[in-house]
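The values are calculated or read from the model by the stated rules, or taken from the named source; none is laboratory data. These figures come from a predicted structure and were not determined experimentally. Using ideal geometry, Cβ is built from the backbone for each residue, glycine included, and neighbour counts are taken over all protein chains shown. To get the accessible areas, we keep the full protein, side chains included, count just its heavy atoms, and leave off ligands, DNA and RNA. Shrake-Rupley method; radii C 1.70, N 1.55, O 1.52, S 1.80 Å.
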Amino acid sequence: MSEHFDCLIVGAGYAGSVAARELAERGRLRVLVLERRDHIGGNAYDCLDESGILIHRYGPHIFHTSDQRVYSYLSRFTQWRDYQHRVLANVYGRYMPVPFNLSSLHMAFPGEKGTRLEEKLLSAYGEGARVTILSLREASDPEIREVADYVYEHVFVHYTMKQWGQTPEEIDPATTARVPVLLSRDDRYFQDPYQGMPLEGYTAMFRRMLDHPGITVELGTDARDRLSLEGGTILLDGAPFSGPVIFTGEVDELFAFRYGRLPYRTLDFVSETLPVDQYQPAATVNYTVDQPYTRITEYKQLTGQVFPGRTSIMKEFSRAYTGAAGEIPYYAVISPENNALYSRYEALAATFPRLHLLGRLAEYKYYNMDAIVARALALCDRLLEEQERIL
Ligand code: FAD
Ligand code: UDP
């Protein structure tokens with residue numbers, strides 16, 4: 001088996017699929033992709049539910065990027081539906097834009113007070129500024145701190161406790177910085193120049209990406225049953241494999257938890273189809289003060305699918321990943337201690353010169369889709385340059 005392939009890729013999500021296409025197309029290499037799920041696309045996979053509504057099985061995915069190369073690359077495999085994501089927070093039944101922006105400010109502080117606070121914020125930080133909640137809480141002006149306390153209590157602390165089981169101060173500051181206080185009336189969730197949804201869905205885009213004569217995809221295959229890694233050598237089906245191996249799964253699992261488990265958060269998704277045209281006022285509503293779930297997404301509003309009389313929604317419940325059968329790790333729990341444990345696995349992986357860790361799990365980082373595409377392209381640039389030097 002192994003001599004038929006020049007390189008091996010574990011995982012058919014963004015990392016694995018982009019790398020497979022690059023190596024097969026630009027490098028003219030024969031690529032084997034092993035994927036343990038019964039489908040391609042990783043966590044971006046979408047499919048029709050029982051009532052025929054297009055849903056994202058692993059939670060809502062909205063494509064956004066400032067990286068022109070990434071956008072052009074994916075545009076080879078899909079057209080786009082123009083879509084700008086808008087999120088509302090449900091604050092005790094009242095809907096307020098998130099990120100917290102100047103419109104949210106006037107809802108929270110009506111009348112003259114709101115006007116005064118707006119002026120203060122604009123003169124302190126400038127129009128259009130993106131201020132993290134943690135830095136806003138350190139403001140010296142007591143009225144700005146009052147705004148910060150309001151946003152902390154009504155947007156961040158309860159949602160963050162649900163999502164991470166920790167307060168905003170306890171988690172990696174880059175996490176809450178993803179959703180800053182926005183000193184403008186732009187009510188979009190993302191401000192990137194390129195935003196949209198793949199016109200026929202993510203899975204269709206992945207299918208085209210993997211549709212290349214140099215690529216073989218084997219679904220329902222856990223690479224750990226086919227690979228063994230010992231003393232710097234990688235065996236595939238018992239025979240030494242000398243080509244590059246790109247691994248996009250959990251690195252602690254790859255090495256049988258030799259140094260202990262890396263912590264992750266998992267999600268339980270609860271879906272429902274309801275006999276109404278529209279369920280809620282935005283595609284995603286964040287429950288920032290109450291309810292056990294973090295958010296509800298109504299898929300028709302994301303995808304633009306027309307389906308009168310019925311709509312499908314999904315609630316997300318977050319909890320610690322335990323490694324039990326069927327659980328999927330979705331988020332690395334970034335902290336100095338966990339990063340140090342990850343570094344030990346990274347060093348172990350580096351003892352296999354042809355093994356490359358790529359992707360959100362394998363790199364133990366909070367990467368969006370576009371970042372993974374960019375990293376996959378960069379890794380393949382490097383591998384193909386090396387190949388050219390050898391030939
Ligand atoms: P994955 O998609 O996890 O793919 C890894 C693949 O490897 C999986 O298919 C897995 O089954 C397979 N695998 C693992 N181990 C093995 C093994 N041993 N053998 C065989 N196969 C294996 N990003 C955005 O840009 N916008 C969003 O709106 C957005 N929303 C998100 C919402 C949620 C709920 C989550 C969890 C993530 C979201 N993301 C979003 C992030 C996005 O999902 C990731 O950036 C992207 O999917 C990462 O791609 P990947 O290939 O690194 O990982
Ligand atoms: N967050 C929050 N309230 C919100 C939105 C986000 O507290 O209404 C915090 C929370 O800690 C969350 C982080 O900001 O985990 C990042 O949010 P994002 O929407 O980027 O999370 P993702 O979509 O990746 O789950």
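Is it fair to say Ile9 is open to solvent by 10 Å² or more (accessible area, probe 1.4 Å), within 16 Å of ligand 1 (Cβ to nearest atom) and outside any helix (DSSP H, G or I)? Full working, then the answer.
On the way: open to solvent by 10 Å² or more (accessible area, probe 1.4 Å): no; within 16 Å of ligand 1 (Cβ to nearest atom): yes; outside any helix (DSSP H, G or I): yes.
No.
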Handout entry: Conditions (1) away from ligand 1 (no atom under 16 Å from the Cβ); (2) under 17 Å from Tyr366 (Cα atoms); (3) in contact (Cβ under 8 Å) with a residue 40 or more places away in the chain; number of the one not met by Leu199
Key = (2)
Handout entry: Which numbered condition Arg28 fails, given (1) surrounded by fewer than 20 Cβ atoms within 10 Å (Cβ to Cβ); (2) on the phi < 0 side of the Ramachandran plot; (3) of a type outside the set (Gly, Ala, Ser); (4) touching a residue at least 12 places away in the same chain (Cβ under 8 Å)
Key = (2)
Exercise for the section: Residues being within 8 Å of ligand 2 (Cβ to nearest atom), in a helix (DSSP H, G or I) and free of Cβ contacts under 8 Å to residues at least 60 places away in the same chain: count how many of those fall in segment 146-175. Expected result: 2
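Residue-wise test of (1) within 16 Å of ligand 1 (Cβ to nearest atom); (2) surrounded by fewer than 20 Cβ atoms within 10 Å (Cβ to Cβ).
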residue: Leu134; (1), (2): no, yes
residue: Asp141; (1), (2): no, yes
residue: Tyr150; (1), (2): no, yes
residue: Val155; (1), (2): no, no
residue: Thr160; (1), (2): yes, no
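Return yes when Thr311 is over 24 Å from Phe190 (Cα atoms) and of a type in the set (Ser, Thr, Tyr) and no when it is not. Steps first, please.
Numbers: over 24 Å from Phe190 (Cα atoms): yes; of a type in the set (Ser, Thr, Tyr): yes.
So Thr311 fits the description; yes.
Just wondering, is there one or more residues in segment 123-132 that are open to solvent by less than 30 Å² (accessible area, probe 1.4 Å), within 16 Å of ligand 1 (Cβ to nearest atom) and within 30 Å of Leu267 (Cα to Cα)?
Our first condition is that a residue be open to solvent by less than 30 Å² (accessible area, probe 1.4 Å); within segment 123-132, this holds for 126, 129, 131.
Checking which are within 16 Å of ligand 1 (Cβ to nearest atom) leaves us with none.
No, there is no match, as no residue in segment 123-132 is open to solvent by less than 30 Å² (accessible area, probe 1.4 Å), within 16 Å of ligand 1 (Cβ to nearest atom) and within 30 Å of Leu267 (Cα to Cα).
Here's a check for you: in segment 58-77, which residue that is open to solvent by 40 Å² or more (accessible area, probe 1.4 Å) and part of a helix (DSSP H, G or I) is farthest from Ile40 (Cα to Cα)? So that I can check it myself, show each step before the final result.
Initially, segment 58-77 is screened for residues open to solvent by 40 Å² or more (accessible area, probe 1.4 Å), giving 66-69, 71-72, 75-76.
From the residues that got through so far, the ones that are part of a helix (DSSP H, G or I) too are 68-69, 71-72, 75.
Working: Gln68: 25, Arg69: 23, Tyr71: 20, Ser72: 21, Ser75: 18 Å.
So the residue we want is Gln68.
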Fill in the blank from the handout: Of those in segment 213-236 that are open to solvent by 40 Å² or more (accessible area, probe 1.4 Å) and β-branched (Val, Ile, Thr), the residue farthest from the chain's Cα centre (by Cα) is Thr233
Exercise for the section: Within segment 178-193, track down each residue that is in a loop (DSSP other than H, G, I, E, B), farther than 14 Å from Arg86 by Cα and either open to solvent by less than 60 Å² (accessible area, probe 1.4 Å) or of a type in the set (S, T, N, Q) (or both). Expected result: Pro180, Leu183, Ser184
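Hey, can you tell me all the residues within segment 224-244 that are in contact with a helix residue (DSSP H, G or I) (Cβ under 9 Å, 6 or more places away or on another chain) and within 23 Å of Gly27 (Cα to Cα)?
As a first pass, look at segment 224-244 and keep what is in contact with a helix residue (DSSP H, G or I) (Cβ under 9 Å, 6 or more places away or on another chain): 224, 227, 229, 235-244.
Matches in segment 224-244: Leu235, Leu236, Pro240, Phe241, Ser242, Gly243, Pro244.
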Exercise for the section: Output the number of residues of segment 315-365 satisfying the condition of being of a type in the set (Asp, Glu), out of contact with any helix residue (DSSP H, G or I) (no Cβ under 9 Å at 6 or more places or on another chain) and farther than 17 Å from Leu267 by Cβ. Expected result: 1
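Yes/no matrix, rows are residues, columns are (1) in contact (Cβ under 8 Å) with a residue 40 or more places away in the chain; (2) among the aromatic types (Phe, Trp, Tyr); (3) open to solvent by less than 30 Å² (accessible area, probe 1.4 Å):
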site: Ala320; (1), (2), (3): yes, no, no
site: Ala325; (1), (2), (3): no, no, no
site: Arg344; (1), (2), (3): yes, no, no
site: Leu358; (1), (2), (3): yes, no, yes
site: Glu363; (1), (2), (3): no, no, yes
site: Val373; (1), (2), (3): yes, no, yes
site: Glu385; (1), (2), (3): no, no, no
Handout entry: Of all residues making up segment 330-383, the number that are of a type outside the set (Asp, Glu), in a helix (DSSP H, G or I) and either farther than 22 Å from Glu22 by Cα or modelled with pLDDT under 95 (or both)
Key = 13
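May I ask you to list the residues in segment 12-25 that are out of contact with any His (no Cβ under 9 Å at 6 or more places or on another chain) and either open to solvent by 30 Å² or more (accessible area, probe 1.4 Å) or part of a loop (DSSP other than H, G, I, E, B) (or both)?
Looking only at segment 12-25, we keep the residues that are out of contact with any His (no Cβ under 9 Å at 6 or more places or on another chain), and these are 13-18, 22-23.
If the condition is that a residue be out of contact with any His (no Cβ under 9 Å at 6 or more places or on another chain) and either open to solvent by 30 Å² or more (accessible area, probe 1.4 Å) or part of a loop (DSSP other than H, G, I, E, B) (or both), then Gly13 is the only one that fits.
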Fill in the blank from the handout: Filtering segment 31-54 for residues that are closer than 23 Å to Leu254 by Cβ and in a loop (DSSP other than H, G, I, E, B) leaves a count of 8
Fill in the blank from the handout: Taking segment 103-145 and keeping only residues that are more than 11 Å from Leu183 (Cα to Cα) and without any contact (Cβ under 8 Å) to a residue 12 or more places away in the chain, one is left with Pro110, Gly111, Glu112, Lys113, Gly114, Thr115, Ser135, Glu138, Ser140, Pro142, Arg145
Practice task
Check whether at least one residue in segment 78-86 is surrounded by fewer than 19 Cβ atoms within 10 Å (Cβ to Cβ), more than 16 Å from Gln195 (Cβ to Cβ) and touching a Gly at 6+ places or on another chain (Cβ under 8 Å), and report yes or no.
Solution key: no
